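The values are calculated or read from the model by the stated rules, or taken from the named source; none is laboratory data. Everything quoted here is computed from the prediction, not taken from an experiment. Neighbour counts run over all protein chains shown; Cβ positions are idealised from the backbone, glycine included. Surface accessibility is based on the protein's heavy atoms, side chains included, excluding ligands, DNA and RNA. Shrake-Rupley method; radii C 1.70, N 1.55, O 1.52, S 1.80 Å.
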Amino acid sequence: MIYFHTKDLSVGYNGHALIHDINIEVEKGKILTLIGPNGAGKSTILKSITHHLAKICGQVYIDRQEIYAWSARELAKQVAVVLTDRIHPELMTCEEVVAMGRYPYTNALGKLTPRDKEIVVQAMERVHALDLAQRDFTTLSDGQRQRIMLARALCQEPEVLILDEPTAYLDIRHKIELLDILREMAHEKGITVIMSLHEIDLATKISDYLLCVKGDTIEAFGPPEDILADGAIDKLYDIQHGSYNLLFGSVELAKPQGEPQVFVVGGGGAGIACYRALQKRQIPFAAGILFTNDVDYPVAQELSDYVVTAPAFEPMTEAHYQQAAQILLRCDCVIDAGTPIGTLNSMNGRLLDLAREKGIPLYSGWQAMENKKDSRENRRRERGVGP
C-alpha cells in the first residue's frame with residue numbers, strides 16, 4: 001500500500017517553480033533516494049516536503065493525509081529530518097542535542113520522562129555515539145556531528161525519515177554503518193526513508209526507488225534496475241569526459257588518446273589494475289583477447305579504443321588471435337597481467353609467445369613495465385616513433 005506520495009508537487013523559491021510535476025509513490029518501509037547533479041534541486045524537494053521551504057503548489061501525503069494541514073508538532077511526530085544545514089547549539093552536550101528529538105512528546109515544560117531518557121540512550125547506541133554523550137557538541141568532527149543528528153532524528157520515533165546527503169561528512173566505515181542503520185529502520189521497523197545521496201554506487205545498493213532530478217522536471221522515477229540502463233548516469237550528470245561504470249559502481253576517467261603503445265594480455269580481473277595504471281599515465285593501450293562476459297571487459301572498453309573480444313563461453317579462435325596479433329605487433333611492449341591460460345583462452349598464450357618470438361619486451365604486470373620504461377622508450381626511438 002502506498003504510504004508516502006506527492007501529487008503534482010512544484011517546488012522553488014519566491015513563488016517561482018524550479019521543478020514541477022513531481023509525482024512520487026512509496027510504500028511504507030521502503031527507501032527512496034534522490035540523485036542528480038549539484039544544483040539540480042534535490043535539497044529543494046526535501047525542504048519543501050518537510051515544510052522548511054514553502055511549496056509552490058501540489059500536495060504531499062503521508063498515510064493519505066495532506067501534511068501541509070498539520071501543525072509543526074504533529075509533523076514532528078511523523079517526520080524526522082536531518083538536513084545539511086549546521087546547527088550551533090551553545091553549551092550543550094551531545095546527549096542534550098539528541099534529547100531535543102523527544103520534545104514533540106514532552107509537556108509544556110519540556111521535561112523528559114524516564115522513558116524519554118531511555119529512548120535517547122538507545123538512539124545514541126544505535127549510531128555508535130554513546131561515548132560522545134557528555135562531549136560538547138561544538139567540539140565534534142563533521143562525521144561525529146552527523147551521527148548525533150541522526151540519533152536526534154531517531155529519538156522522534158518517526159514514520160518517515162528524511163535526510164539530505166547524510167553520508168557527506170562520513171568516512172567509508174561510518175557510511176556503511178549509517179546505511180546499515182537506515183536499511184534496518186526501513187525493513188525491520190517499517191520506517192519510510194527519503195534521502196539524497198551523491199554516491200551513486202551506494203544509492204543503487206540501498207534504494208528501493210531512485211528519483212533522478214535534472215532540469216525543471218523529474219528525469220526518471222522507479223526501481224534502480226528499471227531506470228539505470230547503460231549510459232543513464234552519464235546522461236543524468238552530463239558526463240563528457242570519462243564515464244560511470246554502473247556494473248562496478250565506479251568512475252572511469254577519460255581514456256588515453258592515440259595509437260596503442262602497450263598491449264595488455266589480461267582477463268579474469270587481472271587486467272583492471274594495468275588498464276587504470278596506464279590510463280593514469282596517459283599511455284594508450286590495447287587489451288585482449290577478452291571474453292565479453294569477463295570482468296575486465298567493461299573497464300577495458302571504457303579506457304581503450306583497441307579491445308579485442310571473443311564471445312562468452314566459447315573458445316577463442318584463430319581469427320581472434322590474428323586480430324590481436326596485428327595490434328600487438330604495433331605496440332612497444334606487452335604486459336602479461338597474470339591471467340591463467342586454459343583451453344578457452346589458449347590464444348592469449350600464443351600472443352605471449354609471439355611477443356617473445358618477435359623480441360617485444362614482455363613484462364609481468366604494469367609495475368615491471370614502469371621499472372623498465374627506458375628500454376621501452378629506446379625501442380620507440382628505434383622504430384622512429386616519438387622522441
| task | Using a 1.4 angstrom probe, figure out how much accessible area region 167-252 has per residue, in square angstrom, rounded to the nearest whole. | result | 49
| query | Solvent-accessible area per residue for region 315-375 at a 1.4 Å probe radius, Å²? | reply | 51
| query | Using a 1.4 Å probe, how large is the accessible area of Ile227, given in Å² and rounded to the nearest 10? | reply | 40
| Once both labels are modelled 7 Å past Cα along the beta-carbon direction, what's the Tyr61-Met1 spacing in nm? | 1.2
| remark: Taking the chain and counting helices only, DSSP H stretches of n ≥ 4 at -39,500 (n - 2.57) each over all residues, the nearest-500 ellipticity at 222 nm comes to -10000 deg cm²/dmol
| note | Averaged over all viewing directions, the convex hull of the alpha carbons in region 6-158 casts a projected area in nm² of 10.5
| request: Just subtract the alpha-carbon distance of Ser250 and Asp180 from 0.36 nm times their residue separation and send over the number in nm, one decimal. | output: 23.1 nm
| Counting only heavy atoms of protein chains, what accessible area per residue, in Å², does region 1-104 have with a probe of 1.4 Å? | 48
| request: For an R0 of 51 angstrom, estimate the FRET efficiency from the Cβ-Cβ distance between Ser364 and Met92 and round to the nearest 0.05. | output: 0.30
| query | Which value in Å is the Kirkwood Rh of region 1-70 over different Cα pairs? | reply | 12.4
| task | Among DSSP beta bridges whose residues both lie in region 236-345, state the antiparallel percentage, nearest 5. | result | 20
| said: Which lysines, if any, have their Cα less than 16 Å from the Cα of Lys280, not counting same-chain residues under 8 positions apart? | reply: Lys255, Lys373
| said: Could you tell me the relative contact order of region 153-244? Use alpha-carbon pairs under 8 Å, at least six residues apart, and round to a whole percent. | reply: 21
| Hey, with R₀ at 30 Å, roughly what FRET efficiency would Glu118 and Glu25 work out to, going by the Cβ-Cβ distance, to 0.05? | 0.25
| Can you tell me the Rg and Dmax of the chain, counting just the alpha carbons, in angstroms? | 27.5, 88
| Scattering profile of region 150-250 at q = 0.14, 0.16, 0.19 Å⁻¹ [log10 I(q)/I(0), Debye over alpha-carbon scatterers] | -0.60, -0.77, -1.04
| field | FRET efficiency, His241 to Ile172 (Cβ-Cβ, R0 25 Å, nearest 0.05) | value | 0.45
| said: I'd like the carbon and sulfur percentage of the solvent accessible area for the chain, probe radius 1.4 Å, heavy atoms only, ligands and nucleic acids excluded. | reply: 50
